[in-house]
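Heads up: the structure comes next, in structure tokens.
We did not get these values from a lab; they are worked out from the coordinates using the rules stated. Predicted model, so just to flag it, every value in this text is computed and none were measured. Using ideal geometry, Cβ is built from the backbone for each residue, glycine included, and neighbour counts are taken over all protein chains shown.
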Amino acid sequence: MQGYNFAYLDEHTKRMIRRAILKAVAIPGHQVPFASREMPLPYGWGTGGIQLTASLLGPDDVLKVIDQGADDTTNAVSIRRFFARTAGIRTTTRTAEATVIQTRHRIPETPLREGQIIVYQVPIPEPLYRLEPSRAAAAQMHALADYGAMHVRLYEEITRHGRVALSYDYPVMVNERYLMSPSPIPAFDNPKLHMNPAMQLFGAGREKRIYAVPPFTAVRSLDFEDHPFDPRRADAACALCGARETYLDEIVSDDRGGKMFVCSDTDCCESRRETAP
Amino acid sequence: MYVAVKGGEAAIDAAHRWTADERRGDPSVPPLALDQIANQLGRAVDRVMAEGALYDRELAARAIRQAQGDLIEAAFLLRAYRTTLPRLVDSEPVDTAAMLLKRRISAVFKDLPGGQRLGPTTDYTHRLLDLSPDAPDPPPAEPLAEPAPPPAPVPRVTDLLGAESLIEPDGSGERPAGDLTMEPVSFPAPRGVRLQALARGDEGFLLALGYSTQRGYGNNHPFVGELRVGEVPVSIVPPELGFAIEIGDITLTECQMVNQFIGSRAAPPQFTRGYGLCFGHADRKAIAMALVDRAMRADELGEDAASPAQDVEFVVSHCDNIEATGFVEHLKLPHHVDFQSELETIRAMRAAAGAGDAGL
Amino acid sequence: MTLLQARDLRKRFGPVAALDDVSLSLRRREIVAIVGESGSGKSTLLNVLSGRIAPDSGTVLYDEGEGLSPIAGRGEARLRHLQRTRWGFVQQDPRQALRLSVTAGGNIGERLMVSGARHYGDIRATAARWLETVEIDPARLDDLPRTFSGGMLQRLQIAATLVTEPELVFMDEPTGGLDVSVQARILDLVRGLVRRLGLAVLLVTHDIGVARLLADRLVVMRHGRIVETGLTDQVLDDPHHEYTQLLVSSVLPA
């Protein structure tokens, strides 16, 4: 693309973001403020993730972009095209082939490898925001590891609903020190955060924060001993590939209650169908 | 010697002439035609119709031109014109289920009956300012064949959820209480009146309030159940006829929000609703309106109403930008009489403080 | 054995000297009442001693088991930890201290959870027991505090504060704003609990009657200075300082 630097951002901005990434990696789960730039995609649509990816990509990288687990959802297509135009790098839909994966709201079903980077798009980086809307007050709470309010919230959920009714963006404790929002991935995906061999980076453009879970870091979903973390998944098999352990999308087929379920991770589903006997 | 200032009228006349001059701008530049505005600045026209509370594209285009592009001023012109129009008859409530869908998306299901239709949206464009030079005589563009809309009625997402009792009922069949154009609003205001205020409310104000709820100031777990844009027929029942006749179509944007479920171990939980509806193609307005509608239901749904968007009186009293701009800008009017009394007071207080100090 | 000590505290708010060279000590299991009229500096003293505000000069020292050391030197995180676990603070207005949209059980359970309690059933059982201890019907465990009366709210705050059995409790006018009969019940409750748990208490009150009922020792403040101190009965029966005499004599007979 004429007139633009490789991957859109100028080198100075990339260096600024990389410095923020290094800080984030050094303090797992801690939110590092950074001077987020206006991007050609709107705030709230992945600008944080895009800035992370833009500052990490090199000409030999292979990029996969997914939204809701699929490569062909509109926003994933838009972002992948953006990088194809501004960086000219190879793109792929295969999780196993990618060096950098940018994702919104899912972790791929295919286990990640050491050396891969997964970049999460984060709308609200602050896990305490519903309990304490002031970011300044929340920052104090993180600094002092003052997380009583969050535990009280979970206690109240069990009291009111009999279980913790948080089904996505389920708060986690990183390295037993920082409370973190894993982004609005379904609670079902939380266990994949723990001891993952890949580098996990989280970017919030509008809120101007970067945070990280380095490879092989302990990540624990908050729960009680007698009400352990128990994420839900539709009790069905994928109508296309038959999988029973992947996260499923509900497809409504008519207005008389007809529905079917298919894997949300389109790459995983396709691979399963390709290798099926 | 000082002579009392006169000449207010002459000054005003001169200001009007200067404004007319600026409005026209450089006379060597061709004047703006109304159909250029109506055709090529359609979103501005939509906004002015919504906030002017009058559906007429040509009048809205006129107002925009007369207001030199100041959209609140344009909405004001339209609202003032509306006052002069006699109210002949109330239409039947429009049925958005009968909408000829130009655009229809749902964020809660990947696929569903009627499908996901993006329509003419800027959603997935890259915001790269187009710097290509204006061609003096561009060749006419190949008109795009608009895909046929799906056959109506396309079931509402909220009705699909409703069929499984997963969402609270929508209150259809209840006549909206009150009409804020006929009676002044008093609080507590019923939901219908609140929605009327939001429909004509300032888009920026509602946008900010809606945004604030998402950031934690009264969060209600919003999901866009469905966003529809398209034409709906408007019907009236003339007293002479006694049955309904269609008098035309208007373009509306409708947003059905699916929000935080209420309920407990005792009462089966259901999702709650937020609703947005406005003239023209206006995603941002309809979504913001739905967020604020839901926030204002906090009391009714047993939630702590501690944030600005949840304060009904605050929201409804300040969302009309014609009222707001009038009062904000009235500060420019002469206030020297009231100010004079302030001057006298402050001088007296300072004198008293000075005498006190001097006495020590 | 001295648990908490203040040395030469000074604090000004603008031209007003809220604390003017104040020193005192508190021993383990001792109950000390700080009395004085409004503006005497007693609430400021309580806030400085509990680490909520910093003095302009002077030191506050606390013995965590290894001798007295200044609380200011520990860093904010450690001070906060102390305040949440080994110390308690009962505020005059329970609505400021409690989470009004959280159930009674959640309010009591918070300090437990902050100290590491992770068993929902146990937390709930402990909270229910404490409701009984403060004479609130345990059936109200899942009720929201906004349905409670003023007296009940104060008792809930007491339960929520004492549930972790802190060794030192600060109380700022714990019965202020409550009906006289309600006050008496709460004071009785506090006295019983404090004795039973062996707590050290530093309590601020303008009410001599409250001090007489609860405190072992009395500290009388006026205009930011301590004017008299001694055993409660001695000070009240034989006040030396003319201001103390005024305070004592102005108490309406019971």
(Q) I need the Debye-formula profile for the stretch B:165-306: one equal scatterer per C-alpha, no solvent, reported as log10 I(q)/I(0) at q = 0.12, 0.14, 0.17 1/Å, two decimals. (A) -0.56, -0.74, -1.04
Q: Determine the alpha carbon to alpha carbon distance for each of A:Lys14/B:Lys285; A:Lys64/A:Lys192; A:Lys23/A:Lys208; A:Lys14/A:Lys64; A:Lys14/A:Lys192 and list only those over 24 Å.
A: A:Lys14/B:Lys285; A:Lys14/A:Lys192
Q) Tell me, Kirkwood radius of the stretch A:81-233 from alpha-carbon pair distances, in Å? A) 16.6
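Quick one: net charge of A:Thr110's neighbours, Cβ under 9 Å, K/R +1, D/E -1?
Local net charge: -2.
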**Q.** Relative packing of peptides A:211-217, B:21-27 - highest average C-beta neighbours within 10 Å first
**A.** A:211-217, B:21-27
Q) Where the centroid of each part is defined by its Cα atoms, how far is the stretch C:179-241 from the stretch B:21-89 in Å? A) 74
Q. On average, how many beta carbons from a partner chain sit within 10 Å of the beta carbon of a residue in A:250-261?
A. 4
Q) Taking the Cα atoms of chain B, what is the range of coordinates along each of the three principal axes, in descending order and whole Å? A) 82, 67, 55
Q: Could you give the spread of the C-alpha atoms of the stretch C:1-111 along their three principal axes, from largest to smallest, in whole angstroms?
A: 43, 36, 27
Q: Quickly work out the B:Asp111-to-A:Arg233 label distance, labels modelled 7 Å from Cα along the C-beta direction, and quote it in nm with one decimal.
A: 2.2
Q) Regarding the protein assembly as shown, what whole-number volume in Å³ per residue does the convex hull of its Cα atoms give? A) 273
Q: Taking H placed 1.01 Å from N in the peptide plane, check which residues at least 5 places from C:Ser69 or on another chain put their amide H under 5 Å from its amide H.
A: C:Tyr62, C:Asp63, C:Glu64
Q: Quick one: grab the alpha carbon gyration tensor of chain A, order the square roots of its eigenvalues as a ≥ b ≥ c, and give me rounded if a/c is under 1.5, else prolate or oblate depending on whether a/b is larger than b/c.
A: oblate
Q. From the backbone phi of the stretch B:288-294, what are the Karplus-calculated ³J(HN,Hα) couplings (6.51 cos²θ - 1.76 cosθ + 1.60, θ = phi - 60°) in whole Hz, Gly and Pro given as x?
A. 4, 4, 5, 4, 6, 4, 5
Q. The stretch C:100-122 to the stretch C:11-80: how many Å between their Cα centroids?
A. 29
**Q.** Theoretical ellipticity at 222 nm over chain A - DSSP helices of four or more residues, -39500 (n - 2.57) apiece, nearest 500
**A.** -8000 deg cm²/dmol
Q: List the extent of the Cα atoms of the stretch A:1-88 along each of their three principal axes, largest first, rounded to whole Å.
A: 34, 32, 26
Q: Apply 1/(1 + (r/R0)^6) to the Cβ-Cβ distance of A:Ala143 and B:Ala324, taking R0 = 35 Å, and write down the FRET efficiency to the nearest 0.05.
A: 0.30
Q.
Run lengths n ≥ 4 of DSSP H only: what is the helix-derived mean residue ellipticity at 222 nm for chain B, with -39500 (n - 2.57) per run over all residues, to the nearest 500?
A. -12000 deg cm²/dmol
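Within a 10 angstrom radius of each residue's Cβ in B:218-230, how many Cβ atoms of other chains show up on average? Whole number is fine.
Mean shielding count: 1.
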Q: Round to the nearest 10 and give me the degree value, 0 to 90, for the angle of helix B:203-214's Cα axis relative to the longest principal axis of chain B.
A: 70
Q: Which order do the peptides B:33-40, C:170-177 take when ranked by the mean count of other beta-carbon atoms within 10 Å per residue, highest first?
A: C:170-177, B:33-40
Q | Rounded to whole Hz, the Karplus (6.51, -1.76, 1.60) HN-Hα couplings of the stretch A:246-253, x for glycine and proline | A | 9, 7, 10, 8, 8, 10, 8, 9
**Q.** Karplus (6.51, -1.76, 1.60) ³J(HN,Hα), θ = phi - 60°, over the stretch C:129-138, in Hz, Gly and Pro reported as x
**A.** 4, 5, 4, 4, 4, 8, 6, 10, 4, x
Q: Could you give me the radius of gyration and the Dmax of the stretch B:243-360, taking only the C-alpha atoms into account and expressing both in angstrom?
A: 25.7, 88
(Q) Under the rule of at least 5 residues apart or a separate chain, name every residue whose amide H is placed under 5 Å from the amide H of C:Val169. (A) C:Gly88, C:Ala200, C:Val201, C:Leu202
Q) Considering every residue in C:109-117, what mean count of other chain Cβ atoms within 10 Å of its Cβ is obtained? A) 4
**Q.** Nearest-0.05 FRET efficiency for A:Glu270 and B:Ile236, computed from C-beta distance (R0 60 Å)
**A.** 0.65
**Q.** Nonlocal amide H pairs with A:Arg106, under 5 Å, H built at 1.01 Å
**A.** A:Gln68, A:Gly69
